[in-house]
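Have a look at the structure below, then the notes.
The values are calculated or read from the model by the stated rules, or taken from the named source; none is laboratory data. Please read all numbers here as calculations on a predicted model, not as lab measurements. All Cβ positions, glycine included, derive from the backbone under ideal geometry; neighbour counts span all protein chains shown. Just the protein is used for accessible areas: all its heavy atoms, side chains included, with ligands, DNA and RNA removed. Shrake-Rupley method; radii C 1.70, N 1.55, O 1.52, S 1.80 Å.
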Amino acid sequence: MTSWVRRRWFRPDAGLLAASVFWASVLVAGLPAAASAPRGAEPPIPSVADRDRDGYPDAAELTGQDRVRFADWFAAVAESQYSGMNADWRPEDRDCGGLLRYAFVNALLPHDPAWIAKFRYLPRPTSPDVQGLSYPLPVISRSVFRVAGGAYRPGDIEAGRLVGRTTVQYLATHSMVRVSRTLDQARRGDVLVFLRPGLRSYHSMVYLGGGRVVYHTGASPEEGGEVRLLTVQSLLRYAERAFHPAPSNPNFLGVYRWKVLN
């Protein structure tokens, strides 16, 4: 406080300088020992800055150990649906992209007993909950998936550049970054993305670590759509070649990671 007042009031005139020092000491003496915001004051409004220009405000991105925590819970929620799809994962959202969206949101929710009770089986993560953020996210609320390029700008939600529901193609293109086209760079919670042969659509799998993946087949409930849990080796041996997670497969677009983790 003292240094601010001196810089604000300083003039070459010696009398003014003396007066500034006097009033600065009076102001400082009048302050409480620990100046703080008044009790009950509104929390500060999160900044809308997007310094890395990835389309997400910095306030909505995870930092430090929260990145590991999110990835751990995201993978656990996705894996849990192999044992039984939760009732709140709506049938119209049950496809490969829907699994990504459902796991994303639930990784950021408070994991209290009521939340855990909705699972038939939940492989317990080794990480605690995400500490710095929770769903809905700061600034962007429930519109957590980006569907257009460019840095974040106020008004993106109203313009439809951030939404709450979209396809794997948009998720991979605008809500994620490609890490590699080889699995040696994959981490738990990353997403493997494929181009379906003969179709202008994408397919995705969640990498669980330890050489395992989980995914929804993409078919509707009426058509027998289901969640499958496989090893990468099983994919390479038995799955259609278009879904081999190998750089020699032109339909394998690579390993992707959520932008909020970068």
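The orientation-averaged projected area of the convex hull spanned by the Cα atoms of region 130-175 comes to 3.5 nm². Across all directions, the average projected area of the convex hull around the alpha carbons of region 182-251 is 4.9 nm². Here the 3J(HN,Hα) profile of region 58-72, calculated from phi with Karplus coefficients 6.51, -1.76 and 1.60 at θ = phi - 60°, is 4, 5, 9, 9, 8, 10, x, 5, 4, 5, 5, 4, 4, 4, 5 Hz, Gly and Pro shown as x.
Extents of region 118-217, taken as max minus min of Cα coordinates on every principal axis and listed largest first, are 41, 41, 27 Å. Take the Cα radius of gyration of region 91-169 and divide it by 2.2 N^0.38 Å, N being the number of residues; the result is 1.25.
The packing ranking, built from the mean of other Cβ atoms within 10 Å per residue, places the peptides 237-243, 136-142 in the order 136-142, 237-243, highest first. For Val255, the residues whose amide H sits under 5 Å from its own are Val179, Ser180, Arg181, Thr182, ignoring neighbours fewer than 5 places away on the same chain, with H placed 1.01 Å from N. Close amide-amide hydrogen proximity is noted between Leu109 and Tyr135, each under 5 Å apart and 5 or more residues distant or on a separate chain (H modeled in the peptide plane; Pro and chain starts excluded). Subtracting the Cα-Cα distance of Glu42 and Val177 from 0.36 nm times their residue separation leaves 45.1 nm of extension gain.
Three principal axis extents describe the C-alpha atoms of region 52-92; from largest down they are 38, 24, 12 Å.
Here's how it looks for Tyr56: its modeled amide H is under 5 Å from those of Tyr152, which are all 5 or more places away or on a different chain. Counting only heavy atoms of the protein chains and using a 1.4 Å probe, Trp73 has close to 10 Å² of accessible surface.
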